[in-house]
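Since every read-out is calculated from the coordinates, none of them should be taken as a lab result. Given the structure is predicted, the values throughout are model-derived calculations rather than measurements. Ideal geometry is used to build each Cβ from the backbone, glycine not excepted, and the neighbour counts take in all protein chains shown.
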Amino acid sequence: MHFPLINKYYSSYASWKKNAKESYSTQWFRILEGDSFYSLEHSEDQVMILATIEKKSILLVKVKRMLLGDSTWELPAGGLEKNENVDAGASREFLEETGIKIKDFTRFKTLPSFVLASNRMPMFPNIFQIDLSKIDFDQRSLHDNEIEKVEIFEFKKIKQMILDGELCATLPIAVISRYLFQLEAK
């Protein structure tokens with residue numbers, strides 16, 4: 001699947017970023033400035049995994065979000081560790097958040113990224129899709145303590161969760177919506 005605008009935006013942002021100056025940073029994020037603009041970036045590259053189960057359901061994790069005072073339904077995601085490649089990072093994050101170990105990295109199919117927030121945070125997370133069986137899901141081990149629960153939802157239920165605001169994180173909604181729109185277009 002080819003998304004020329006995403007590639008164009010990524011190239012333009014990479015060029016801007018190359019010439020920007022870091023004005024502030026922590027271990028979690030940094031602020032870049034250039035040409036009277038600034039951007040906020042995670043310190044590490046990000047990965048997100050859309051896991052489909054038998055082409056009829058999607059796996060979601062309920063993540064504890066302290067700033068919101070609650071837990072939110074999301075796709076498994078996180079940041080790469082130092083010197084970790086994106087495939088290994090996707091597999092590690094997926095294991096940590098779902099308890100499902102994927103040894104064969106080729107099962108992770110790369111999807112086109114999204115512009116996270118075009119105004120000040122135009123990062124392009126690494127997005128993957130993986131097809132799982134119900135057995136993969138049922139044989140999962142424990143997930144980390146940042147995750148309240150791991151569940152699978154049929155496509156119709158996912159759509160209703162989006163409409164009802166029960167699924168409200170924007171990047172997961174964008175990834176899931178694009179996937180469902182592509183299925184409907186076939």
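At 20 °C and 1.002 mPa s, what whole-number value in µm²/s does Stokes-Einstein give for the translational diffusion of the chain, with Rh from the Kirkwood sum over Cα pairs? Please list the in-between numbers first.
Details: Rh = 17.6 Å.
Answer from the Stokes-Einstein relation: 122 µm²/s.
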Using unit Cβ charges (K, R positive; D, E negative) and no other charged atoms, how large, in debye to the nearest 20, is the dipole of the range 78-173 about its Cα centre? 300
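Sum -39500 (n - 2.57) across every DSSP H segment of at least 4 residues in the chain, then divide by the residue count to get the 222 nm mean residue ellipticity, nearest 500.
Numbers: 5 runs with 60 residues, N = 186.
Estimated from H runs of four or more residues: -10000 deg cm²/dmol.
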Using Cα atoms only, what is the angle between the long axis of helix 170-185 and the major principal axis of the chain, expressed in degrees (0 to 90) to the nearest 10? 60
Which part of the range 12-30 falls in the paramagnetic zone of Asn119, meaning amide N under 20 Å from the point 7 Å along Cα-to-beta-carbon? 13, 30
Taking 0.36 nm per residue of separation between Glu146 and Asp164 and subtracting their Cα-Cα distance, the length gained on full extension comes to 4.1 nm
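Pop the C-beta distance of Ser177 and Leu67 into the FRET formula with R0 = 25 Å and round what comes out to the nearest 0.05.
Taking R0 as 25 Å, the efficiency between Ser177 and Leu67 is 0.55.
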Show which aspartates and glutamates lie in cross-link reach of Lys18 when reach means a straight Cα distance below 18 angstrom and same-chain residues fewer than eight apart are skipped. Glu33, Asp35, Glu41, Glu44, Asp45
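For the range 1-56, rounded, prolate or oblate, judged on the Cα gyration tensor with a ≥ b ≥ c (square roots of eigenvalues), a/c < 1.5 rounded, else prolate if a/b > b/c? If you can, show how the numbers build up before the last one.
Values: a/c = 4.40, a/b = 1.64, b/c = 2.69.
It is oblate, given that a/c is not under 1.5 and a/b is not larger than b/c.
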Please list, in order, the residues from the range 52-70 whose amide nitrogen is less than 18 Å from a point placed 7 Å along the Cα→Cβ vector of Glu184. 56-58
So if R0 is 22 Å, what FRET efficiency would Glu81 and Thr110 give, r being the distance between their Cβ atoms, rounded to the nearest 0.05? 0.70
Which aspartates and glutamates have a Cα less than 18 Å from the Cα of Lys157, not counting those fewer than 8 places away in the same chain? Glu54, Glu74, Glu166, Glu184
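For the range 103-186, take the alpha-carbon Rg, divide it by the Kirkwood Rh, and send me Rg/Rh. Mind showing how you got there, number by number?
Details: Rg = 14.8 Å, Rh = 15.2 Å.
The Rg/Rh ratio comes out at 0.97.
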Gap separating the Cα centres of the range 1-51 and the range 57-108, nearest whole Å: 21
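Could you list, in their original order, any pairs among Lys56/Lys159; Lys55/Lys159; Lys103/Lys159; Lys103/Lys156 whose Cα atoms are separated by more than 23 Å? Display every interim value, and only then the final one.
Numbers: Lys56/Lys159 12 Å; Lys55/Lys159 15 Å; Lys103/Lys159 31 Å; Lys103/Lys156 30 Å.
Flagged as over cut-off: Lys103/Lys159; Lys103/Lys156.
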For the chain, percent of DSSP beta bridges that are antiparallel (nearest 5) comes out at 80
